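The values are calculated or read from the model by the stated rules, or taken from the named source; none is laboratory data. Nothing here was measured: the structure is a model prediction, and the numbers come from that model. Cβ coordinates were reconstructed from backbone atoms using ideal geometry, including for glycine residues, and neighbour counts include every protein chain displayed.
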Amino acid sequence: MFTGIVQTVGRIEQRIERPGGVRLLIRPENWNHRAQPGESICISGVCLTHAPEADKPESGRAEDPQVLAFDVIRETLDRSMLGSLQQGDHVNIEPSLRADSLIAGHFVQGHVDAWGTIVDITQSPEEWRMRIEAPASLRPYVIPKGSIAVDGVSLTVAALDDPSGAGASSTFGFEIALIPTTLQITTLGTRKVGGTVNLEADSMAKTVVQWLELRFGAAGEHSGGAGTSGGGGASGGGAQTPAGGLTLADLQRAGFQPRGGINDS
């Protein structure tokens with residue numbers, strides 16, 4: 001578990017191809033943290049395990065203890081932008097959350113949900129904004145002023161496409177506003193239009209949406225069709241509800257009981 005508050009950036013010193021994946025050796029910049037073998041570390045939004053080797057099979061020499069070493073499997077390479085990293089590239093680094101740590105961002109698991117594409121960067125004396133296009137499957141978990149992790153950085157959604165105008169599009173867009181500190185201490189300040197980023201939606205939002213879908217079905221499935229709550233329309237005895245909206249009957253099935261009981265009259 002992480003908070004999305006990046007502590008430093010690191011440079012890819014080596015990318016070693018191995019059966020089933022790659023080994024990444026990353027040198028952090030100005031970082032006093034001494035990573036222990038087996039420790040979880042967030043690398044640009046991906047939770048990886050520090051796995052130093054006493055001897056490098058490729059050279060027979062011991063690895064530099066100041067370098068972070070990760071064995072990245074093919075699944076992770078395919079599902080995140082780590083697969084495109086090459087020697088000399090830079091990544092964001094954050095150690096795992098401790099019980100006594102300040103939670104200055106939001107809970108980040110290091111489990112990438114999707115890739116996003118940077119489609120616009122707006123710079124002005126007042127602010128720096130980045131617009132990202134993401135898969136539509138992520139849309140239910142992204143809300144205005146909500147949290148999202150972009151390359152492991154905890155950020156607030158500053159603007160979001162209106163879902164009513166999205167139609168059947170396979171993507172949607174959102175914007176993040178970046179402060180000077182974020183631009184200076186993370187890799188986001190060097191990103192360009194057309195680049196890809198790792199995206200992880202807020203885990204609490206995902207949990208709520210998944211629970212509601214499992215309990216009541218996907219939006220519209222329990223609504224009785226055409227914006228009504230069962231009964232075949234307005235005359236069928238059920239209150240009209242927007243498609244996909246919750247009804248009192250839904251809440252009762254979930255165990256909710258209004259104070260003072262239910263007035264059936």
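For region 116-134, state whether one or more residues are farther than 25 Å from Arg191 by Cα, surrounded by fewer than 18 Cβ atoms within 10 Å (Cβ to Cβ) and not basic (Lys, Arg). No - not one qualifying residue is present in region 116-134.
Quick check, is Arg74 among the charged types (D, E, K, R) and under 22 Å from Ser154 (Cβ atoms)? When the stated conditions are applied, Arg74 does not pass them. Restricting to region 12-23, name every residue that is loosely packed, with under 12 Cβ neighbours inside 10 Å and part of a strand (DSSP E or B). Within region 12-23, Glu17 is the sole residue that qualifies. Filtered by the rule that a residue be surrounded by fewer than 19 Cβ atoms within 10 Å (Cβ to Cβ), within 24 Å of the chain's Cα centre (by Cα) and at negative phi, region 24-46 gives Glu39, Ser40. Of the residues contained in region 111-123, none is found to be without any contact (Cβ under 8 Å) to a residue 40 or more places away in the chain and of a type outside the set (S, T, N, Q).
Evaluate region 174-184: report whether one residue or more is within 22 Å of Gln210 (Cα to Cα) and modelled with pLDDT of 95 or more. Yes, region 174-184 contains at least one residue that is within 22 Å of Gln210 (Cα to Cα) and modelled with pLDDT of 95 or more.
Looking at the structure I just gave you, is Leu102 surrounded by fewer than 18 Cβ atoms within 10 Å (Cβ to Cβ) and either part of a loop (DSSP other than H, G, I, E, B) or under 20 Å from the mean Cα position of the chain (by Cα) (or both)?
Details: surrounded by fewer than 18 Cβ atoms within 10 Å (Cβ to Cβ): yes; either part of a loop (DSSP other than H, G, I, E, B) or under 20 Å from the mean Cα position of the chain (by Cα) (or both): yes.
It is true that Leu102 is surrounded by fewer than 18 Cβ atoms within 10 Å (Cβ to Cβ) and either part of a loop (DSSP other than H, G, I, E, B) or under 20 Å from the mean Cα position of the chain (by Cα) (or both).
Quick one: is Glu63 at pLDDT below 90, more than 29 Å from Ala99 (Cα to Cα) and surrounded by 12 or more Cβ atoms within 10 Å (Cβ to Cβ)? For Glu63, the condition - at pLDDT below 90, more than 29 Å from Ala99 (Cα to Cα) and surrounded by 12 or more Cβ atoms within 10 Å (Cβ to Cβ) - is met.
Scanning region 25-54 for residues that are assigned to a loop (DSSP other than H, G, I, E, B) and within 21 Å of Val153 (Cβ to Cβ) yields a count of 9.
Does Glu13 fit the bill of being closer than 27 Å to Ala159 by Cβ, in contact (Cβ under 8 Å) with a residue 24 or more places away in the chain and more than 20 Å from the chain's Cα centre (by Cα)? For Glu13, the condition - closer than 27 Å to Ala159 by Cβ, in contact (Cβ under 8 Å) with a residue 24 or more places away in the chain and more than 20 Å from the chain's Cα centre (by Cα) - is not met. Every listed requirement among (1) at pLDDT below 95; (2) in contact with a Pro (Cβ under 7 Å, 6 or more places away or on another chain) is met by Val157 save one, (1).
Among the residues of region 105-135, those identified as outside any strand (DSSP E or B), within 14 Å of the chain's Cα centre (by Cα) and among the small types (Gly, Ala, Ser) are Gly105, Gly110.
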